[in-house]
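Note sheet for the following structure.
The values are calculated or read from the model by the stated rules, or taken from the named source; none is laboratory data. For clarity, every value in this text was computed on a predicted model and none was experimentally measured. Methodologically, a virtual Cβ is constructed for each residue, glycine included, from the backbone with ideal geometry; neighbour enumeration extends over all protein chains shown. We work out accessible area using only protein heavy atoms, side chains counted, and drop any ligands, DNA or RNA first. Shrake-Rupley method; radii C 1.70, N 1.55, O 1.52, S 1.80 Å.
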Amino acid sequence: MDDFKIILFLCNWGPHTAFQTLQDNGSEIPDQISMIRIPCTGRISKSLLFRAFEMGADGVVLLGCQPGTCRYGSGTATARENTEDTRDIIGMLGLGKERLGHATFLPDESDLLLQFLNDFCDQIRSLGPSPLLPIPMPESESVSRESVAEIVSYHDAFACQDCGKCSSACPLALIGKPFSPRELVNSIIAGNIDSPSVNKDIWSCLTCGLCYDRCPSAVNFPEFIRDIRHVVRKNGGNAREAHGGFFQSLMRAMTWPGLKTQRWDWLPKDVDLDAKSKILFFGGCAPYFDIFFRNHLNVETTNIIEDSLRLLNFFDIKPALFKDERCCGHDLLWSGDEENFLKLAKMNVDSIHNLGIEEVITACPECYRTLAHDYPKHGIPLNFKVTHIYELLEKEIGKGAIDFKKIDKKITFQDSCRLNWLEKPADLPRKLIRRLKPIRFREMQNNGSAAICCGNCAWTGCDAFSKALQVKRLRQAHDTESELLVTACPKCQIHLRCAMEDPFLGEELNMEMIDLTGIIAKTICWE
Amino acid sequence: MTDSQNHQQGKKEIIITGFGGQGIVLAGIILGKAAAIGEHMESTLVQSYGPESRGGSCNAQVVISREMIHYPYVSHPDILVCMSQSGYDKLIDQIKEKGTLIIDQDLVRPGRGLTCDFFSIPATGMAEALGRVMIANIIMLGFLTAVTNVISMDAAQKSVLESVPKGTEKLNTTAFQKGHDYGLATLKGRQKKAAGQAGAMS
Ligand code: SF4
Ligand code: SF4
Ligand code: SF4
């Protein structure tokens, strides 16, 4: 096979000189290599590396300067971390780590460089074509008035009484962002979908649902915004994706049918599973997030999956896992990519049906909401029931003979917007927390249906106000004089941890966090 | 496996003790009926109220056997169910050496150094959570059915439904089920602990 593509990101400085020598000497550089000259390998983010695969590359290689010779100091170290993280992520995705390489060369190492390029080419040739095929991106067009009008009437946004209750409850407005859901609804109704402020603001909403809770006309603002995002993105609108759109790319990549993911390889062997079980555990994307953030936030949200499985085992439930589990699609749906959300949804539901599963259990609030609520709402019926692990735990613990070890800490709790929104599981976290034995449990100033969000949703619109919101939230947590912040969603851990990394406020904001499943798994015992 | 399960075929002598108003005698009736009608065994019931019957101590003595029962009084029970401290204090010394003690942990504080098989359940607390303290006796019966196997789940449940006032069947079924679940969970917990798996992470 010679029909393959390799993208070579080549640093301007050291290795470019070596590359030029090869060109000057007329050396045979393999045709499959397309070179992109860049100012520093440290600036090639994980999202750019991944985007190359998303756009159809079979191999990607990043060539920079040797450690110590980087013109900007830290470029090589950053490039190495970015490549390592991306390699592990594409490995987990089933693309094969070996498709991404990183190397460094001195200006006079042209022979070594040629050798390297030939070897890399051979390696990609032996791996064969990438299972990913390019997904066309939407073309830029202006959004039709009809499609907006349809959304306005579907969500009955005309019912808005202009009362402003939403804006007075919106945490973004309260933190000082010039942002008003009331005004946004009205601008959209008035047909100003193309105005710069609307175009910006629709991506800022956290879709946390506080406004919906307060709205006397029951305008479901978050879902309204979600659908507006969809038409805007479909017409090429900029989705203001965080992290260069890495996560959206990753999730879109999961729509490739030929993918054989390896998302369970990390699971400890002593977790009891049963491939024939009619109960399936749906893990979610936490393992990918942990790799992405490991050098920065050092989050460990994958623990939530392991702890959940251990809790199921504790109650003698040995679930099946789902080899080709794909992202549930939550973040694509909420950042405007309904087309690819639907692909993921269909693939997941088909595979679950093929396995003959009767019940799906998940510990992720986003997966729960998406599977239980958004799949059927988007015309994908389920032949199985979806249970959040809190429901199951409450039921099993409620049977009795269960005790909890003492927790030597004062605790407080960060609500998950996705659970608060739905009627059924909303009060479950608190029921479970009240069973625990901490020194003390104290609520934050805003809690329950008035809780403040962790600052971001669906990896979109993250800005300085998101940070301000997180700072406010973490200060509220500290005001309870607690030592441990219990969370209910992996994303809350990620986004709140991000604020704790602030070089100036970090120390003040820092607080130990644990997911509710984790603290239950660590302390539960038979009476 | 509990002691009583080992001797399922033999005669079982049971005392349920508590105070007036808890439905102790009703619990005895349900138990006896379940054995007689559901399991086709012989059973007898003797109820004894103290002189101070209202709020005072009372007990139900139940004998269940495959053979004809010649003497219905129980002085040394195989199974002692205590729903009051005074009942416990009075009868604890009379339980058979390999007997089974069951207490409502919300009402009884057991002494130290018990040698018999021992189970406890917060029946009164659970009844309160269901909105009717009165239903603690049915919770207790569900628990007893699960941990002792003197009568089957089916027989016990039928007997409960036949004996409780009309209109309260649903509440009583729930109560029985709660007690039964608690019993199964207790047995499972014992098994797990014996296997060295007391927690989720070990
Ligand atoms: S969903 Fe949340 S962030 Fe968005 S407008 Fe409503 S309250 Fe504000
Ligand atoms: S709360 Fe509802 S009715 Fe009031 S301004 Fe906001 S969307 Fe309109
Ligand atoms: S809060 Fe931090 S981790 Fe979350 S989207 Fe923004 S930058 Fe990323």
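Starting from residues that are in a loop (DSSP other than H, G, I, E, B) and under 28 Å from A:Asp331 (Cβ atoms), keep the ones in the range A:504-527 and report whichever is farthest from ligand 1 (Cβ to nearest atom).
Looking only at the range A:504-527, we keep the residues that are in a loop (DSSP other than H, G, I, E, B), and these are A:504-505, A:510-511, A:527.
Remaining after also requiring under 28 Å from A:Asp331 (Cβ atoms): A:505, A:510-511.
Numbers: A:Leu505: 22, A:Asn510: 25, A:Met511: 23 Å.
Restricting to residues being in a loop (DSSP other than H, G, I, E, B) and under 28 Å from A:Asp331 (Cβ atoms), the top hit is A:Asn510.
Could you please give the count of residues in the range A:441-484 that are on the phi > 0 side of the Ramachandran plot and more than 16 Å from ligand 3 (Cβ to nearest atom)?
Of the range A:441-484, the ones on the phi > 0 side of the Ramachandran plot are A:448, A:455, A:458-459, A:461, A:481.
In the following step, the residues that additionally are more than 16 Å from ligand 3 (Cβ to nearest atom) were identified as A:448, A:481.
Qualifying residue count for the region: 2.
Select, from A:Ser449, A:Ser466, the only residue that is closer than 26 Å to A:Phe246 by Cα, within 16 Å of ligand 1 (Cβ to nearest atom) and of a type in the set (Ser, Thr, Tyr). If you could, list the steps in order and put the result at the bottom.
Details: A:Ser449 fails: closer than 26 Å to A:Phe246 by Cα.
That would be A:Ser466, the only listed residue that is closer than 26 Å to A:Phe246 by Cα, within 16 Å of ligand 1 (Cβ to nearest atom) and of a type in the set (Ser, Thr, Tyr).
Considering the range A:494-527 alone, what residues qualify as being in contact with a Leu (Cβ under 7 Å, 6 or more places away or on another chain) and small (Gly, Ala, Ser)?
A:Ala499, A:Ala521, listed by residue number.
With the structure loaded, tell me whether A:Leu210 is in the same structural domain as A:His155 (by TED's automatic domain parsing), within 12 Å of ligand 1 (Cβ to nearest atom), buried (at least 21 other Cβ atoms within 10 Å of the Cβ) and within 24 Å of the chain's Cα centre (by Cα) or whether it fails that test.
On the way: in the same structural domain as A:His155 (by TED's automatic domain parsing): yes; within 12 Å of ligand 1 (Cβ to nearest atom): yes; buried (at least 21 other Cβ atoms within 10 Å of the Cβ): yes; within 24 Å of the chain's Cα centre (by Cα): yes.
Yes; evaluated as a whole, the condition is true for this residue.
Could you check A:Glu150 against (1) surrounded by fewer than 17 Cβ atoms within 10 Å (Cβ to Cβ); (2) more than 30 Å from A:Val60 (Cα to Cα); (3) touching an Asp or Glu at 6+ places or on another chain (Cβ under 8 Å) and say which number it fails?
That leaves (3) as the condition not met.
Taking strands (runs of 3 or more DSSP E) that fall entirely within the range A:364-428, which contain at least 1 residues that are touching a helix residue (DSSP H, G or I) at 6+ places or on another chain (Cβ under 7 Å), away from chain B (no Cβ under 14 Å) and among the β-branched types (Val, Ile, Thr)?
Values: elements: A:385-388, A:402-404, A:410-414.
Where strands (runs of 3 or more DSSP E) fall fully within the range A:364-428 and carry at least 1 residues being touching a helix residue (DSSP H, G or I) at 6+ places or on another chain (Cβ under 7 Å), away from chain B (no Cβ under 14 Å) and among the β-branched types (Val, Ile, Thr), they are A:385-388, A:410-414.
Among the residues in the range A:158-170, are any within 16 Å of ligand 3 (Cβ to nearest atom) and part of a helix (DSSP H, G or I)?
No, that holds for no residue.
Residue pairs, Cβ under 8 Å, 6 or more apart or interchain, first in the range B:163-180 and under 22 Å from B:Ser120 (Cα atoms), second of a type in the set (Lys, Arg) and crowded, with 16+ Cβ neighbours inside 10 Å. List them.
Pairs found: B:Lys178/A:Lys399.
So which residues in the range A:277-324 are more than 12 Å from every other protein chain (Cβ to nearest Cβ) and of a type in the set (A, V, I, L, M), if there are any at all?
Filtering the range A:277-324 for residues more than 12 Å from every other protein chain (Cβ to nearest Cβ) gives A:277-302, A:304-305, A:318-324.
Those that are more than 12 Å from every other protein chain (Cβ to nearest Cβ) and of a type in the set (A, V, I, L, M): A:Ile279, A:Leu280, A:Ala286, A:Ile291, A:Leu297, A:Val299, A:Ile304, A:Ile305, A:Ala320, A:Leu321.
Exactly one of these conditions fails for A:Trp266: (1) aromatic (Phe, Trp, Tyr); (2) surrounded by 18 or more Cβ atoms within 10 Å (Cβ to Cβ); (3) more than 16 Å from ligand 1 (Cβ to nearest atom); (4) in a loop (DSSP other than H, G, I, E, B). Give me its number.
(2)
To keep it simple, each residue is scored yes or no on (1) within 14 Å of another protein chain (Cβ to nearest Cβ); (2) under 14 Å from A:Gly461 (Cβ atoms); (3) within 16 Å of ligand 3 (Cβ to nearest atom).
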{"residue": "A:Lys177", "(1), (2), (3)": "no, yes, yes"}
{"residue": "A:Glu183", "(1), (2), (3)": "no, no, no"}
{"residue": "A:Gly209", "(1), (2), (3)": "no, no, no"}
{"residue": "A:Ser217", "(1), (2), (3)": "no, no, no"}
{"residue": "A:Lys234", "(1), (2), (3)": "no, no, no"}
{"residue": "A:Ser249", "(1), (2), (3)": "no, no, yes"}
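Would you confirm whether or not the range A:241-261 contains a residue that is within 13 Å of ligand 1 (Cβ to nearest atom) and either crowded, with 17+ Cβ neighbours inside 10 Å or in contact (Cβ under 8 Å) with a residue 24 or more places away in the chain (or both)? Steps first, answer last, please.
Step one: list which residues in the range A:241-261 are within 13 Å of ligand 1 (Cβ to nearest atom), which gives none.
No: zero hits.
Within the range A:431-445, take every residue that is in contact (Cβ under 8 Å) with a residue 60 or more places away in the chain and touching an Asp or Glu at 6+ places or on another chain (Cβ under 9 Å) and give me the one that is surrounded by the most Cβ atoms within 10 Å (Cβ to Cβ).
Step one: of the range A:431-445, the residues in contact (Cβ under 8 Å) with a residue 60 or more places away in the chain are A:432-433, A:436-437.
Checking the rest, the ones that are also touching an Asp or Glu at 6+ places or on another chain (Cβ under 9 Å) come to A:432, A:437.
On the way: A:Leu432: 21, A:Lys437: 12.
Here the residue is A:Leu432.
Would you check if there is a residue in the range A:437-452 being within 14 Å of chain B (Cβ to nearest Cβ) and either more than 24 Å from A:Gly209 (Cα to Cα) or assigned to a helix (DSSP H, G or I) (or both)?
Start the filter on the range A:437-452 by keeping residues that are within 14 Å of chain B (Cβ to nearest Cβ), which leaves A:437.
Adding the requirement that they be either more than 24 Å from A:Gly209 (Cα to Cα) or assigned to a helix (DSSP H, G or I) (or both) leaves A:437.
Yes, because at least one residue in the range A:437-452 is within 14 Å of chain B (Cβ to nearest Cβ) and either more than 24 Å from A:Gly209 (Cα to Cα) or assigned to a helix (DSSP H, G or I) (or both).
Show the residue pairs meeting these rules: Cβ distance below 8 Å; 6+ apart or different chains; first residue within the range A:288-303 and free of Cβ contacts under 8 Å to residues at least 60 places away in the same chain; second residue in a loop (DSSP other than H, G, I, E, B).
A:Asp290/A:Val299; A:Asp290/A:Glu300; A:Asp290/A:Thr301; A:Thr302/A:Trp266
Give the residues of the range A:505-521 that are farther than 19 Å from A:Gln476 by Cβ and either among the hydrophobic types (A, V, I, L, M, F, W, C) or within 16 Å of ligand 2 (Cβ to nearest atom) (or both), sorted by residue number.
A:Ile519, A:Ile520, A:Ala521
Condition first: open to solvent by 10 Å² or more (accessible area, probe 1.4 Å) and in a helix (DSSP H, G or I). Now tell me which residues in the range A:348-363 satisfy that.
Passing the criteria: A:Asp350, A:Ser351, A:His353, A:Asn354.
Can you tell me which condition A:Asp201 does not meet? The list is (1) surrounded by fewer than 17 Cβ atoms within 10 Å (Cβ to Cβ); (2) within 10 Å of ligand 1 (Cβ to nearest atom), and all the others hold.
Only one criterion in (1) surrounded by fewer than 17 Cβ atoms within 10 Å (Cβ to Cβ); (2) within 10 Å of ligand 1 (Cβ to nearest atom) is unmet by A:Asp201, namely (1).
List the helices (runs of 4 or more DSSP H) inside the range A:1-120, counting only whole elements, that have at least 1 residues being free of Cβ contacts under 8 Å to residues at least 24 places away in the same chain. Show your work before the answer.
Values: elements: A:14-24, A:46-54, A:75-93.
Answer list for the range A:1-120: A:14-24, A:75-93.
Working only within the range A:467-492, note down all residues that are assigned to a helix (DSSP H, G or I) and open to solvent by 20 Å² or more (accessible area, probe 1.4 Å).
Of the residues in the range A:467-492, the ones assigned to a helix (DSSP H, G or I) are A:467-479, A:490-492.
Residues satisfying the conditions are A:Lys467, A:Ala468, A:Lys472, A:Arg475, A:His478, A:Asp479.
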